[in-house]
Amino acid sequence: MMNRREFLRLLGAGALTTPLVSAGETLATAMQSATLTFAPMLDLHKAVTVPLIIQKAEILRREKDLFIRVTAKNGAVGIIEANNRVPQVISLFKELVVPFFIGKDARDVETLVDGVYTEGSNYKFAGMPFWNSVGNLEIALFDMMSRAANKPVYELLGKRIRNDVSVYLTRLTRDTTPEKELEIIERDFAETGCRAVKIKVGGRMKAESAKIENRSEALIKLARKKLGDSVTIYADANSSYDVPTAIEMGKLLQDNGVKIWEEPCPWQDYDSTKAVADALDMPIAGGEQDTSLWQFKAMIKHKIVDVVQPDLFYNGGFVRTLRVAKMAAEAGMTIDCHSPKFGVGAYPFRHFISVVPNIGAFQEYNLNSSSKPLGEIKNGKVELPTGVGLGIEYRPSDFEKVEIL
């Protein structure tokens, strides 16, 4: 099994053979590594030739689903399906985020996502609720801009370097027995052709599931036995363990050929995460809850994790997540975004990975115990979007009966 040191050596040697493309600038000029002042990455005024003055941004409810719709003064529109955290942050979105963007040119989004943070006392609300509000709006603006330019979103982000991506199936449940869990995984493997999976261990912010005793240890051993050595297995603890227990569990994972150990300790306890990373040979991943670029810089600089996992929505959108990707790339690290989504909710993430070279071998695809693959996984791969905007076409009738929140 590849150990952590070998993993990092190979990343440093090969992860950047394809340079990050950002309006013709090199990585060194695109990010001033001594500070968090980022040089422009995107030439949106060139890509989108007409001003797009933001007139309104709305949250629409259609039955159980929420959407973000942005409209420019010239009538240009962008629409995205909101992520599942928006219902809890509607007031932040409407009262703090949207007012800052109104009347400004969407093509200046690189500076707008910084300005909204420093506007008034907005910085006092920093964290996932605030940046998730920004992220939903920013992604909708990219849909609007790319539609106005008759281009896919990825063309605004950089140069497309891949047309499809291998995926790992994410299992989200801790309620199944190990035997039932493997039955579901083997069924989904047969249907999708996938050869990689992420299993859940621990109890999600506590050491073990209260429903099934010793589930994690049994699941790890059974997964390797049933799936064989050719299958890639990741394990996600969702902040479940203290340092001694995380190291003990990590050694069990190593012994069973698990490739990546995600969020072994409470996600804000960076000292504990680093202690576990330093004690094990396997790569440690984390960052899905983090939204501070300063914190990502520290995580990367001090090797608190080996793989950074920002969530595109939680972290404030494309621009800020591209910045994390650049910081990771400069350090020879991969970025594997947190994206337990499928269908249209995954399209922004797929545009992002179309242009970023330093991603891992497999990217996340969500299948919970009751869902079935949508037929978009072929031989373990998903084709990346190509259509205008995010590649999602809505009919006018889709929004005839909506409530504007």
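Where a number appears in this text, it was derived from the coordinates with a stated rule and is not lab data. None of these values were measured; they are calculated from a predicted model. Note that we place each Cβ from the backbone using ideal geometry, even for glycine, and neighbour counts take in every protein chain shown.
Its residues counted as N, the chain yields a C-alpha radius of gyration over 2.2 N^0.38 Å of 0.97. Which residue, 73, 198, 326, has the most motion in a Gaussian network model of the chain that connects Cα atoms within less than 10 Å? Answer for the Gaussian network model of the chain: 73.
Just need log10 I(q)/I(0) for region 298-363 at q = 0.12, 0.19, 0.20, 0.29 Å⁻¹, Debye formula, equal scatterers on the alpha-carbon atoms, no solvent, rounded to two decimals. With no solvent term, the Cα-only Debye profile gives -0.27, -0.67, -0.74, -1.45. Sequence-ordered 3J(HN,Hα) estimates for region 173-183 from the Karplus curve with 6.51, -1.76 and 1.60 and θ = phi - 60° stand at 9, 10, 9, 8, 6, x, 5, 5, 4, 5, 4 Hz, glycine and proline given as x.
Ranking of 344, 307 by neighbouring Cβ atoms within 10 Å, starting from the fewest: 344, 307.
With each label modelled as a point 7 angstrom along the Cα→C-beta vector, the residue 379-residue 204 pair spans 3.6 nm. Using alpha carbons only, how many degrees (0 to 90, rounded to 10) separate the axis of helix 4-14 from the longest principal axis of the chain? Rounded to the nearest ten degrees, it is 40.
Taking the number of Cβ atoms within 10 Å of each Cβ as an exposure proxy, the fewest-first ranking of 404, 79 is 404, 79.
Each of 125, 318 was scored by other Cβ atoms within 10 Å of its Cβ. Listed from fewest to most, they are 125, 318. Each peptide in 308-314, 191-197, 89-95 receives the mean, over its residues, of other Cβ atoms within 10 Å, and ordering these scores from highest gives 308-314, 191-197, 89-95. Across region 153-168, coupling constants 3J(HN,Hα) worked out from phi with the 6.51/-1.76/1.60 Karplus curve, θ = phi - 60°, read 4, 4, 5, 7, 8, x, 9, 5, 10, 8, 9, 8, 8, 6, 10, 10 Hz, and Gly and Pro carry x. Helical runs (DSSP H, four residues minimum) scored at -39500 (n - 2.57) apiece and divided by the length of the chain put the mean residue ellipticity at 222 nm at -10000 deg cm²/dmol.
Contact order for the chain, expressed relative to its length and based on alpha carbon pairs under 8 Å spaced 6+ residues apart, stands at 22 percent. If I fit a long axis through the Cα atoms of helix 318-330 and take the longest principal axis of the Cα atoms of the chain, what angle between them do I get, 0 to 90°, rounded to 10? With both axes taken from Cα atoms, the answer is about 50 degrees. For the chain, DSSP calls about 50 percent of its internal beta bridges antiparallel. Summary value for region 82-181: 29 percent relative contact order, contacts being C-alpha pairs under 8 angstrom separated by 6+ residues. For the residues 323, 69, 162, a GNM of the chain with alpha-carbon springs under 10 Å puts the largest fluctuation on 162. Using only alpha carbons, region 197-303 has a radius of gyration to Kirkwood radius ratio (Rg to Rh) of 0.97.
Taking a threshold of 24 Å on the Cα-Cα distance, which of the pairs 159/326; 46/341; 124/301 fall above it?
From the list (159/326; 46/341; 124/301), the Cα-Cα distance tops 24 Å for 46/341; 124/301.
Residue by residue, region 85-97 carries 3J(HN,Hα) couplings of 9, 4, x, 8, 10, 4, 5, 4, 4, 6, 9, 10, 8 Hz when phi is fed to the Karplus relation 6.51 cos²θ - 1.76 cosθ + 1.60 (θ = phi - 60°); x denotes Gly or Pro.
Taking 10 °C and 1.306 mPa s as conditions, region 116-176 diffuses translationally at an estimated 105 µm²/s according to Stokes-Einstein applied to its Kirkwood radius (Cα pairs). For the chain, the longest principal axis of the alpha carbon atoms and the long axis of helix 128-148 meet at an angle near 60°.
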